[in-house]
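Visitor: Pasting in a structure now, in structure tokens, and then I'll have a few things to ask.
Only the coordinates and a few stated rules stand behind these numbers; no lab work does. What you see is a predicted model; the values in this text were computed from it and never measured. Glycine gets a Cβ as well: all are built from the backbone with ideal geometry, and neighbour counts include every protein chain shown.
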Amino acid sequence: MKIIIAGCGRIGSGLANKLSLDEVTLAVIDQDPRTFDHLNADFKGQKIRGIGFDRDVLLNAGVEQCDALAAVTSNDEANVLIARIARLFFNVPRVVCAIHDPRKSQLYRRLGLMVFDPMSWGVNRVADLISFSHFKVSMSMGDADIVEIEIPTLLAGRKVSDLTIPGEITVISINRGNQTIIPLLNTAFEDRDRLHLVVAPRSVHKLESLLGL
């Protein structure tokens, strides 16, 4: 898995140090090379000096092959610009964006950005959000994520109740062909169904287990 982190301040360096312990390839971007001193001594990823919304800088960081990008500089507008470039121009599958002013969060969510408040979110929460490869996170609401997944073939014929844990995991819709279904607990899955589920962050591993992943 390839992840780019734009910004190597408190959140960015903490995220890089956390993810460097996992099986991921990392690139960290920052204008100020002194911020790279916050990285662990054994950090093996790329350290790239530059502006995160500069096209050449992103290309150097491997944005065309990257699976996820976190825009976590100290500037909200820069983070939004980085995130939108990653999504719209390079089709990065998973992009998260730190917004320090919570009054702006709803506006940026309407632009389709997955935003978070760095004051209330810890590094572990952000790391979980961008590094789970089995799910596409459509929206994060802090205490819950809306995730999208195609039903595994082995679960065809099983019921919504088999993927439900009250207070933790709930199937909210099924896309089947050109139809969207609001399911009941006894609704049966069909092959190639795409599901949207609300999942508590602490329950992601339980969902993976229920799906046989």
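Visitor: Take the alpha-carbon centre of the range 158-213, take the same for the range 13-30, and report the distance between them in whole Å.
Guide: Between the Cα centres of the range 158-213 and the range 13-30 lies a distance of 31 Å.
Visitor: Could you calculate the FRET efficiency of Asn40 with Asn124 from 1/(1 + (r/R0)^6), where r is the beta carbon distance between them and R0 is 22 Å, rounded to 0.05?
Guide: Once the sixth-power term is evaluated, E becomes 0.85.
Visitor: With only Lys, Arg, Asp and Glu charged, each at its Cβ (+1 for the first two, -1 for the last two), find how big the charge dipole of the range 167-206 is about the Cα centre; round to the nearest 20 debye.
Guide: Charge dipole of the range 167-206: 120 debye, to the nearest 20.
Visitor: What is the chain by shape, rounded, prolate or oblate, if you read a ≥ b ≥ c off the alpha carbon gyration tensor as root eigenvalues and call it rounded for a/c under 1.5, prolate for a/b larger than b/c, and oblate otherwise?
Guide: Numbers: a/c = 2.10, a/b = 1.95, b/c = 1.08.
Prolate is the answer for the chain, as a/c is 1.5 or above and a/b outweighs b/c.
Visitor: Relative to the present Cα-Cα distance, how much length would full extension add between Ser161 and Gln65 at 0.36 nm per residue of separation?
Guide: 30.8 nm
Visitor: Evaluate E = 1/(1 + (r/R0)^6) for Asp143 and Glu190, where r is the Cβ-Cβ distance and R0 equals 35 Å; express this FRET efficiency to the nearest 0.05.
Guide: Numbers: r = 31 Å, r/R0 = 0.89.
Step by step, r from the Cβ atoms, then E = 0.70.
Visitor: Just want the answer: with Cβ charges of +1 for Lys and Arg and -1 for Asp and Glu, which residue in Val28, Val92, Asn79 is farthest toward the dipole's positive end in the chain?
Guide: Asn79
Visitor: Going through the range 1-107, which trypsin sites (Lys or Arg not before Pro) have at most 11 other Cβ atoms within 10 Å and a DSSP loop state?
Guide: In loop regions of the range 1-107 (DSSP not H, G, I, E or B), the sparsely surrounded trypsin sites (Lys or Arg not before Pro) are Lys44.
Visitor: With the crude spin-label approximation of a point 7 Å out along Cα→Cβ, what separation in nm comes out for Glu150 versus Asp54?
Guide: 3.9 nm
Visitor: Say each of Thr180 and Ala200 gets a label point 7 Å from the Cα, pointing the same way as Cα to Cβ; how far apart are those two points in nm?
Guide: Label at Thr180, label at Ala200, 2.7 nm between them.
Visitor: Something else about it: Tell me, what ³J(HN,Hα) does each residue in the range 163-169 have, in order and in whole Hz, if you take phi through Karplus 6.51 cos²θ - 1.76 cosθ + 1.60 with θ = phi - 60° and put x for Gly and Pro?
Guide: 10, 10, 10, x, x, 10, 9
Visitor: Nearest 500 deg cm²/dmol is fine: what mean residue ellipticity at 222 nm does the chain get from its DSSP H runs of n ≥ 4 alone, each adding -39,500 (n - 2.57), divided by its residue count?
Guide: -7000 deg cm²/dmol
Visitor: Next question. Just to be sure I follow the rule: in the chain, considering lysines 8 or more places apart or on different chains, how many pairs have Cα atoms under 23 Å apart?
Guide: 11
Visitor: Using the Cα atoms as the points, what is the convex hull volume per residue of the range 1-114 in Å³?
Guide: Residue-normalised Cα hull volume stands at 86 Å³.
Visitor: For helix 10-19, report the angle its Cα long axis makes with the longest principal axis of the Cα atoms of the chain; keep it between 0 and 90° and round to the nearest 10°.
Guide: Roughly 60 degrees, rounded to the nearest 10.
Visitor: I would also like to ask the following. Quick one: putting +1 on the C-beta of Lys and Arg, -1 on the C-beta of Asp and Glu, what dipole do you get for the range 32-111 around its Cα centre, in Debye to the nearest 20? Intermediate values should be presented prior to the final figure.
Guide: Working: 12 positive and 10 negative charges, 64 e Å.
Around 300 debye, computed over the range 32-111.
Visitor: Most fluctuating residue of Gln46, Gln65, Gln106 in a GNM of the chain with Cα springs under 10 Å: which is it?
Guide: Of the options given, Gln106 has the highest mean-square fluctuation.
Visitor: Once you list every other residue whose beta carbon is under 12 Å from the beta carbon of Gly157, what net charge do they have if Lys and Arg are +1 and Asp and Glu are -1?
Guide: Overall, the nearby charge balance is -2.
Visitor: Taking H as built 1.01 Å from N, whose amide H comes closer than 5 Å to the amide H of Val95, not counting residues under 5 places away?
Guide: When sequence neighbours closer than 5 places are left aside, the close amide H contacts are Leu69.
Visitor: To the nearest 0.05, what FRET efficiency results for Gln106 and Ile172 with a Förster distance of 25 Å applied to their C-beta separation?
Guide: Details: r = 20 Å, r/R0 = 0.81.
FRET efficiency, Gln106 to Ile172: 0.75.
Visitor: Can you run phi through the Karplus equation (6.51, -1.76, 1.60; θ = phi - 60°) for the range 197-205 and list ³J(HN,Hα) in whole Hz, with x for Gly and Pro?
Guide: Residue by residue, the range 197-205 yields 10, 9, 10, 5, x, 6, 9, 4, 5 Hz.
Visitor: Could you derive backbone 3J(HN,Hα) for the range 88-100 from the dihedral phi with the Karplus parameters 6.51, -1.76 and 1.60 (θ = phi - 60°), listing whole Hz in sequence and x where the residue is Gly or Pro?
Guide: Result, ordered by residue: 7, 9, 10, 6, 5, x, 9, 10, 10, 9, 7, 10, 7 Hz.
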